[in-house]
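Student: Sharing a structure below in structure tokens format, with a few things to ask.
The values are calculated or read from the model by the stated rules, or taken from the named source; none is laboratory data. In this text, all values refer to a predicted model and were calculated from it rather than measured experimentally. We place every Cβ from the backbone using ideal geometry, glycine too, and count neighbours over all the protein chains shown.
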Amino acid sequence: MKIEIKGLCKAFDGKNNVLDGVSYEDDIKALALIGRSGCGKSTFLRILGGLIPASSGIALIGGETASDDVAYRKKIGFVFQQGGLFSHLSARWNITLPLIKVHGYSKGQAQERTDELLARFGLLSEADKKPSQLSGGQKQRIAIARAVAPKPEILFLDEPTSALDPEYTVEVLNMIRELKDERLSFIIATHEMGFALHACDKVMFLDGGKIAEQGESKEVFARPKTAELEVFLSKTLEWKV
């Protein structure tokens, strides 16, 4: 998927830029956004997903401007930190309803696609449970299934494992890696450095609202060029087994 970012800025108070002139151009399959909390990862993803507007600059995804236009939003999938499931609906209907109401599937087509994904990801036994009855990992896997159900051109994931226990984190990351193996392009904001290194082809390190480093994951992790990334990696990897 071709990504073109030109001079992207975002300020929520009109003064201080959360993103400060971000420019980037590449063909991506799996891109990890890394950096300290508050560096602009979530803001960057939300602009690309058409959830919030940029203050200035432009973001092109597959040649189309990122915006809240319905036609654009139908082409992308988005997964939030806490899943964003409808609390009053079952897991099955959290996937089925958007297919009917937003993407124009018939009820039968939507149910068939939903059951296909539930079976594929080992979630059929949880299909009739509401979010309050699901574990954190199950909720996030349902949210990912909902995002990929309409077969988007690209998937954006905003720290989907941030509130999960290690066991559930592995479940979710394995699911995302499986989607990558099926050639679905995605951009993920993550604190899981192992996933960024081993499951993502490319990585972008944001610092102070700017791209401090970017490139092939193995190269960036092996040979950081800035002191900021070197310090960040030393802290995030310090207690890894």
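Student: Within the group A71, A59, A110, which residue is more than 24 Å from L173 (Cα to Cα) and within 19 Å of the chain's Cα centre (by Cα)?
Tutor: It is A59.
Student: In addition: I'm trying to understand the selection: among the residues of segment 89-107, which are aliphatic (A, V, I, L, M) and either within 19 Å of E171 (Cα to Cα) or buried (at least 19 other Cβ atoms within 10 Å of the Cβ) (or both)? Walk me through it before giving the result.
Tutor: We begin by selecting, within segment 89-107, every residue aliphatic (A, V, I, L, M); these are 89, 91, 95, 97, 99-100, 102.
Within segment 89-107, A91, I95, L99 meet the criteria.
Student: Filter segment 55-85 down to the residues that are of a type outside the set (S, T, N, Q) and free of Cβ contacts under 8 Å to residues at least 40 places away in the same chain, then identify the one that is nearest to D115 (Cα to Cα).
Tutor: Keep residues of segment 55-85 that are of a type outside the set (S, T, N, Q), which gives 57-64, 66, 68-80, 83-85.
Cutting the leftovers down to free of Cβ contacts under 8 Å to residues at least 40 places away in the same chain gives us 64, 66, 68-73.
On the way: E64: 32, A66: 31, D68: 29, D69: 29, V70: 26, A71: 26, Y72: 26, R73: 23 Å.
Filtering segment 55-85 for residues that are of a type outside the set (S, T, N, Q) and free of Cβ contacts under 8 Å to residues at least 40 places away in the same chain, the one nearest to D115 (Cα to Cα) comes out as R73.
Student: Still on this model: Kindly indicate whether any position in segment 114-126 is surrounded by fewer than 21 Cβ atoms within 10 Å (Cβ to Cβ), outside any loop (DSSP other than H, G, I, E, B) and of a type in the set (K, R).
Tutor: yes
Student: If you don't mind, there's one more thing I want to ask. Among the numbered criteria (1) surrounded by 18 or more Cβ atoms within 10 Å (Cβ to Cβ); (2) at pLDDT below 95; (3) under 19 Å from D20 (Cα atoms); (4) not charged (D, E, K, R), which one does G208 miss?
Tutor: Evaluating G208 over (1) surrounded by 18 or more Cβ atoms within 10 Å (Cβ to Cβ); (2) at pLDDT below 95; (3) under 19 Å from D20 (Cα atoms); (4) not charged (D, E, K, R) leaves (1) as the failure.
Student: Just for segment 150-159: of the residues that are assigned to a loop (DSSP other than H, G, I, E, B) and touching a residue at least 60 places away in the same chain (Cβ under 8 Å), which one is nearest to T114 (Cα to Cα)? Talk me through it step by step, then tell me what you get.
Tutor: Just the residues of segment 150-159 that are assigned to a loop (DSSP other than H, G, I, E, B), to begin with: 150-153, 159.
Imposing the further condition that a residue be touching a residue at least 60 places away in the same chain (Cβ under 8 Å) reduces the set to 150, 152-153, 159.
Details: P150: 10, P152: 15, E153: 18, E159: 24 Å.
Restricting to residues being assigned to a loop (DSSP other than H, G, I, E, B) and touching a residue at least 60 places away in the same chain (Cβ under 8 Å), the top hit is P150.
Student: Taking segment 191-241 as the region of interest, how many residues are in a loop (DSSP other than H, G, I, E, B), of a type in the set (A, V, I, L, M, F, W, C) and touching a residue at least 40 places away in the same chain (Cβ under 8 Å)?
Tutor: 3
Student: Just give me the residues in segment 19-55 being touching a His at 6+ places or on another chain (Cβ under 9 Å) and hydrophobic (A, V, I, L, M, F, W, C), in sequence order.
Tutor: I34
Student: Please go through segment 31-40 and pick out each residue that is at pLDDT below 95 and either touching a strand residue (DSSP E or B) at 6+ places or on another chain (Cβ under 7 Å) or closer than 20 Å to R177 by Cβ (or both).
Tutor: Restricting attention to segment 31-40, the residues satisfying the condition of being at pLDDT below 95 are 36-40.
If the condition is that a residue be at pLDDT below 95 and either touching a strand residue (DSSP E or B) at 6+ places or on another chain (Cβ under 7 Å) or closer than 20 Å to R177 by Cβ (or both), then C39, G40 are the ones that fit.
Student: Still on this structure, please answer the following. Return only the number of the condition from (1) modelled with pLDDT of 95 or more; (2) in contact with a Pro (Cβ under 9 Å, 6 or more places away or on another chain) that E4 does not satisfy.
Tutor: (2)
Student: Look through L45, L85 and report the one residue that is at pLDDT below 95, within 27 Å of G137 (Cα to Cα) and among the hydrophobic types (A, V, I, L, M, F, W, C).
Tutor: Details: L45 fails: at pLDDT below 95.
Of L45, L85, the one residue that is at pLDDT below 95, within 27 Å of G137 (Cα to Cα) and among the hydrophobic types (A, V, I, L, M, F, W, C) is L85.
Student: Which residue pairs have Cβ atoms closer than 7 Å, lie 6 or more positions apart in sequence or on different chains, and pair a first residue in segment 160-181 that is crowded, with 18+ Cβ neighbours inside 10 Å and among the acidic types (D, E) with a second residue that is part of a helix (DSSP H, G or I) and modelled with pLDDT of 85 or more?
Tutor: Pairs found: E171/G137; E171/R141.
Student: In addition: Pick from segment 1-19 the residues that are in contact with a strand residue (DSSP E or B) (Cβ under 8 Å, 6 or more places away or on another chain), charged (D, E, K, R) and surrounded by fewer than 18 Cβ atoms within 10 Å (Cβ to Cβ): which of them is nearest to G194 (Cα to Cα)? Don't jump to the end; show me each part of the working.
Tutor: First, pick out the residues of segment 1-19 that are in contact with a strand residue (DSSP E or B) (Cβ under 8 Å, 6 or more places away or on another chain): 1-12, 17-19.
From what is left, the residues that are charged (D, E, K, R) are 2, 4, 6, 10.
After this cut, where a residue has to be surrounded by fewer than 18 Cβ atoms within 10 Å (Cβ to Cβ) as well, the list is 2, 4, 6.
On the way: K2: 25, E4: 26, K6: 29 Å.
Among those residues, the one meeting the criterion is K2.
Student: Name the residues in segment 42-54 that are in contact (Cβ under 8 Å) with a residue 40 or more places away in the chain, under 14 Å from the mean Cα position of the chain (by Cα) and farther than 29 Å from L123 by Cβ, would you? Walk me through it before giving the result.
Tutor: Start the filter on segment 42-54 by keeping residues that are in contact (Cβ under 8 Å) with a residue 40 or more places away in the chain, which leaves 42, 44-46, 48-49, 52, 54.
Imposing the further condition that a residue be under 14 Å from the mean Cα position of the chain (by Cα) reduces the set to 42, 44-46, 48-49.
If the condition is that a residue be in contact (Cβ under 8 Å) with a residue 40 or more places away in the chain, under 14 Å from the mean Cα position of the chain (by Cα) and farther than 29 Å from L123 by Cβ, then F44 is the only one that fits.
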